[in-house]
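What follows is one structure encoded as structure tokens, with my remarks underneath.
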2 protein chains.
Amino acid sequence: MLSKKTKYAINALVYIAKNKNEQPISVSRISEDQHIPLKFLESILTELKNSRILNSTKGKYGGYSLNGTPESIDMAKVMRLFDGAIALLPCVSENFYLRCEECFDEETCGIRQIAMEIRNETVKRLKAATLTDIIKREEKLKK
Amino acid sequence: MLSKKTKYAINALVYIAKNKNEQPISVSRISEDQHIPLKFLESILTELKNSRILNSTKGKYGGYSLNGTPESIDMAKVMRLFDGAIALLPCVSENFYLRCEECFDEETCGIRQIAMEIRNETVKRLKAATLTDIIKREEKLKK
DNA sequence: TTTATATCCTATTAATTTGGTAGGATTAGT
DNA sequence: ACTAATCCTACCAAATTAATAGGATATAAA
């Protein structure tokens, strides 16, 4: 399951991407439009900024804008930032590898192999899910 | 991520499946062999029994045995029992559907569609991961 | 230079989930 | 009766998740 943080983050990013020709967008505006608790959203956007997914400008008329193109920001990136590993088992995680404690021999573990296949498939799809892709899908669904 | 409960459950089930020609297998034996805390395992096996995945026989020489064939028990079933939904979003869960609170219109939600595709793929693979399949994979990997 | 409106920073808290224990009642084979 | 097993109810501790509080700092415009 995605955490609320990740969902909020993706919603906020999509929102910013949709309005990216405008000025930087303020936390309070996103908070109201997307019904995300203000202070919570603030901390989320700070994290996104710290990991260089967003830019920020301070002061009046300031706010947040995408750092890269909407094609360069995908769900895998956001999930990993807020929820950590995507894999079902830590021992098959690309970015957050940990040995499974209860596992005797990693190399011959049956469920590990399955978890690895699922991770490959899932990561592939999450990486394809860029902001652009998400917005395109929404437009198609609206017809 | 799979919870420890799910991992313990799968390990225990695989263990029982491997020794299924023997008498029913006791919690304490599985606990020792698989390094799973006794009382915790007890509660896990009780849940597996309540949902008819295991049979139990009480009293001396009692213990647990598979209720169905090892082909009929798969990871999807076990995961759903202990961790709930497999899907990344509650609104695409087959067995634990819940409306996404922050979502305005489910029908036109871009990330929902992505989550649905991932769920389909993941569930397919988890259902294929029966006890038999897991054991076969382990045997292959051991060579 | 004041004011309005932003982000930034540090800390704290509340709620939920996860992982695990404790202690005894009940059942059944020898 | 004894032994070894499941069953049952309750409890607890640690970790994670979801937020809130309160102010410091920066910036554009009046």
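Annotations for the structure displayed:
- Shape class of region B:4-66 from the alpha-carbon gyration tensor: rounded, with the ratio a/c of largest to smallest axis under 1.5.
- GNM top mover of A:Gly62, A:Gly84, A:Gly110 - chain A, alpha-carbon springs below 10 Å: A:Gly110
- For region B:46-103 and region B:115-134, distance of Cα centres in Å: 14
- Stretchable slack from A:Lys143 to A:Gln23, in nm (0.36 nm times residue separation minus alpha-carbon distance): 40.3 nm
- Using θ = phi - 60° and Karplus 6.51 cos²θ - 1.76 cosθ + 1.60, couplings along region A:121-129 (whole Hz; Gly, Pro as x): 5, 5, 4, 4, 6, 5, 6, 6, 7
- Loop trypsin sites (Lys or Arg not before Pro), region A:39-91 (other Cβ atoms within 10 Å of the site Cβ: 13 or fewer; DSSP): A:Arg52, A:Lys58, A:Lys60
- Taking amide H atoms as placed 1.01 Å from N in the peptide plane, the amide H of B:Gly62 has no partner under 5 Å among residues 5 or more positions away or on other chains.
- For B:Thr108, label point 7 Å along C-beta direction: distances to other copies, nm: 5.7
- Karplus (6.51, -1.76, 1.60) ³J(HN,Hα), θ = phi - 60°, over region A:70-79, in Hz, Gly and Pro reported as x: x, 6, 8, 10, 10, 5, 4, 4, 5, 4
- Loop-located chymotrypsin sites (Phe, Trp or Tyr not before Pro) in region B:19-71, at most 14 other Cβ atoms within 10 Å (DSSP): B:Tyr61
- Per the axis that maps chain B onto chain A, nearest residue of B (Cβ criterion) and its distance in Å: B:Glu121, 3
- 0 to 90° range, to nearest 10: angle between helix B:4-18 axis and chain B longest Cα axis: 50
- Trypsin sites (Lys or Arg not before Pro) restricted to DSSP loop in region A:92-134 with at most 14 other C-beta within 10 Å: A:Arg99
- Distances between copies of B:Ser43, taken at a point 7 Å out from Cα along the Cα→Cβ vector and listed shortest first: 2.8 nm.
- Neighbour count of at most 15 Cβ within 10 Å plus DSSP loop: longest GluC sites (Glu not before Pro)-free window in chain B: B:23-70
- Over chain A, the fraction of Cα-Cα pairs per 5 Å bin, rounded to whole percents and listed from the shortest bin up, is 2, 9, 17, 19, 17, 12, 9, 7, 4, 2, 1, 0.
All of the numbers you see were taken from the coordinates with simple rules; none came from a lab. In this text the structure is predicted, and so the values were computed from the model without any measurement. FYI the Cβ positions are ideal-geometry reconstructions off the backbone, even for glycines, and counts take in every protein chain you see.
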